[in-house]
Structure formats: structure tokens, C-alpha cells
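The block underneath contains the structure these notes are about, expressed in C-alpha cells.
The values are calculated or read from the model by the stated rules, or taken from the named source; none is laboratory data. All figures in this text were calculated on a predicted structure; none of them were measured in a lab. All Cβ positions, even for glycine, are placed from backbone atoms using ideal geometry, and neighbour counts span all protein chains on display.
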Amino acid sequence: MKQKLTTKEEQLMNIFWAHEPLFIRDLITYIPEPKPHYNTVATLVKFLEEKGFVEREPMANSFRYKVKISERQYHGDTVSEVVARYYDNSYLSLVSQFVEEDKMDLQQLKDLIAQIEKKQQ
């Protein structure tokens with residue numbers, strides 16, 4: 001992942017992931033009150049486009065925006081960055097911490113192992 005999202009950008013991306021493609025005016029309808037000004041949202045969408053998260057397509061005298069990076073890809077890239085930064089690129093260390101802190105029980109661990117085994121078949 002090249003760029004990180006700000007909190008406001010991530011809020012907009014969550015709307016895009018749920019409802020794409022969208023015009024800016026439609027995007028605004030999904031934003032909770034108090035709604036930001038149209039120009040504020042347009043600027044944030046421009047930043048999302050520059051960061052490579054959305055792309056625009058001309059439609060009449062406006063633009064419709066669609067997602068370029070899926071929510072799953074963004075979340076996966078974010079987790080990968082956390083693992084690289086805090087766990088020395090070791091997913092085992094990450095899972096071990098969950099087990100040690102009782103955030104993952106034996107059944108969940110077995111389910112994870114079964115999922116890995118199924119994928120390797």
C-alpha cells in the first residue's frame with residue numbers, strides 16, 4: 001500500500017466500498033450529520049484519487065467515482081504494515097500475542113489451522 005488514509009478519507013472509502021460507484025452528491029447523502037460542505041468532500045475525493053484509492057469516469061457534466069482498491073486489500077495491507085513494524089514480519093508472533101492475552105482460544109486456533117490446511121490442498 002502506497003498511501004495511508006486519514007480518518008476522514010477512510011470514512012469516505014467505507015461509503016465507497018459499500019455503495020460504489022458514486023457521484024459526490026450521492027456520497028454526501030451517506031455521510032452522517034453534520035454534513036460537510038460539497039467542496040470539502042470534493043477535495044477529499046480528489047485526495048483519494050491522487051492516492052490511487054478511487055478513479056473517476058466522466059458522466060455528462062460530472063464525474064462518477066469508483067473504487068480502485070478493495071476494502072479487503074486495504075485492510076490486508078494495513079495489517080501487513082503492522083506485522084512488519086511491530087512483529088518483525090512474523091505473523092506467528094502476532095497470533096502468539098493473541099493467544100497469550102486470551103484473545104484467541106483453542107477452538108479459534110484449530111479453526112485457523114484447518115483453514116490453512118484446506119488452502120494448501
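Looking across the range 7-32 at every residue that is in contact (Cβ under 8 Å) with a residue 24 or more places away in the chain and assigned to a loop (DSSP other than H, G, I, E, B), the one that is farthest from D77 (Cα to Cα) is identified as F23. Just so you know, in the range 50-72 the residues that are closer than 17 Å to T6 by Cα and exposed (fewer than 13 other Cβ atoms within 10 Å of the Cβ) include one that is farthest from the chain's Cα centre (by Cα), and it is E50.
Matching residues to (1) surrounded by 13 or more Cβ atoms within 10 Å (Cβ to Cβ); (2) in a helix (DSSP H, G or I); (3) free of Cβ contacts under 8 Å to residues at least 40 places away in the same chain:
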{"residue": "G76", "(1), (2), (3)": "no, yes, yes"}
{"residue": "V79", "(1), (2), (3)": "no, yes, yes"}
{"residue": "F98", "(1), (2), (3)": "yes, yes, yes"}
{"residue": "M104", "(1), (2), (3)": "yes, no, yes"}
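When the range 41-71 is limited to residues that are farther than 17 Å from N14 by Cβ and of a type in the set (S, T, Y), the one that is modelled with the highest pLDDT turns out to be T43.
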